[in-house]
Amino acid sequence: MERSLVLIKPDAVQRALAGQIISRLERKGLKIVAMKMLRMEKNLARRHYAIHKGKAFFDDLVSFITSNPLIAIVFQGENAVQIIRQMMGETDPAKASSGTIRGDFGIDVGHNLVHGSDSPENACKEIDLFFSADEIFDYDRELDTWIY
Ligand code: DAT
Ligand code: MG
């Protein structure tokens, strides 16, 4: 079953939106298999966002994501990566559709509330940056027989 790394970013935690965002993903049928609150170290932030190194917004992005605690979650489900990207909406909240997390709660691209992996391959790499194997839980839920 596919997994995706979701970050409830510092702006969402500060704005007390963490529960609502987690709840949307959970109600969709996605299963939480790992979760922790942490303040990202600069090193971790640079590795997580390595693909954006050299871009104009890179330093601001690293400052923002390390500025305050965030919540890292591994969600699991069929097509979890694509489903979560759709539920997040476009990177720029001003362009994200209503009904998406960014479309409903955000305004500014630098404060877009949530991260979700953009491919199953990147999900595996990102999950490894945040979680050790013993922090990820393999368990069954009765309700999954009604989701699938
Ligand atoms: P996404 O988070 O939708 O995968 P991304 O990987 O292109 O988007 O960029 C990572 C983060 O960097 C994004 O969530 C917010 C920030 N960012 C992207 N483009 C930006 C821009 N033009 N100006 C400021 N911040 C930007
Ligand atoms: Mg991205």
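The values are calculated or read from the model by the stated rules, or taken from the named source; none is laboratory data. In this text, all values refer to a predicted model and were calculated from it rather than measured experimentally. With ideal geometry, Cβ positions are generated from the backbone for all residues, glycine too; neighbour counts draw on all protein chains shown. Protein only, heavy atoms only, side chains kept; ligands, DNA and RNA dropped before computing areas. Shrake-Rupley method; radii C 1.70, N 1.55, O 1.52, S 1.80 Å.
Hey, any hits in segment 14-35 for a residue that's of a type in the set (Asp, Glu) and over 30 Å from residue 140 (Cα atoms)?
No - not one qualifying residue is present in segment 14-35.
Kindly provide the set of residues from segment 123-134 that are farther than 13 Å from residue 3 by Cβ and either without any contact (Cβ under 8 Å) to a residue 40 or more places away in the chain or out of contact with any helix residue (DSSP H, G or I) (no Cβ under 8 Å at 6 or more places or on another chain) (or both), ordered by number.
132, 134
Name every residue in segment 95-106 that is of a type in the set (A, V, I, L, M) and either in contact (Cβ under 8 Å) with a residue 24 or more places away in the chain or away from ligand 1 (no atom under 11 Å from the Cβ) (or both), in order of residue number.
Residue satisfying the conditions is 101 alone.
Please go through segment 1-40 and give me each residue that is among the β-branched types (Val, Ile, Thr) and either part of a strand (DSSP E or B) or more than 12 Å from the chain's Cα centre (by Cα) (or both), ordered by number.
Listed by number, the residues that qualify are 6, 8, 13, 32, 33.
From the list 74, 109, 81, which one is within 15 Å of ligand 1 (Cβ to nearest atom), among the β-branched types (Val, Ile, Thr) and not in a loop (DSSP other than H, G, I, E, B)?
Only one candidate qualifies: 81.
Restricting attention to segment 101-122, report how many residues are over 21 Å from residue 57 (Cα atoms) and in contact with a helix residue (DSSP H, G or I) (Cβ under 6 Å, 6 or more places away or on another chain).
Residues flagged as over 21 Å from residue 57 (Cα atoms) and in contact with a helix residue (DSSP H, G or I) (Cβ under 6 Å, 6 or more places away or on another chain) within segment 101-122 amount to 2.
Name the residues in segment 101-117 that are within 14 Å of residue 6 (Cβ to Cβ) and out of contact with any strand residue (DSSP E or B) (no Cβ under 9 Å at 6 or more places or on another chain), would you?
112
Out of the residues in segment 122-147 that are polar (S, T, N, Q) and loosely packed, with under 11 Cβ neighbours inside 10 Å, state the one that is farthest from ligand 1 (Cβ to nearest atom).
That would be 145.
Mind checking which residues of segment 44-58 are in a helix (DSSP H, G or I) and closer than 17 Å to residue 112 by Cβ?
Selection gives 45, 48, 51, 52, 58.
Among the residues of segment 74-121, which ones are aliphatic (A, V, I, L, M), surrounded by fewer than 19 Cβ atoms within 10 Å (Cβ to Cβ) and more than 14 Å from ligand 2 (Cβ to nearest atom)?
Correct list: 94, 107.
Just one of 16, 50, 45 is within 15 Å of ligand 2 (Cβ to nearest atom), open to solvent by 20 Å² or more (accessible area, probe 1.4 Å) and modelled with pLDDT of 95 or more; which is it?
The unique qualifying residue is 50.
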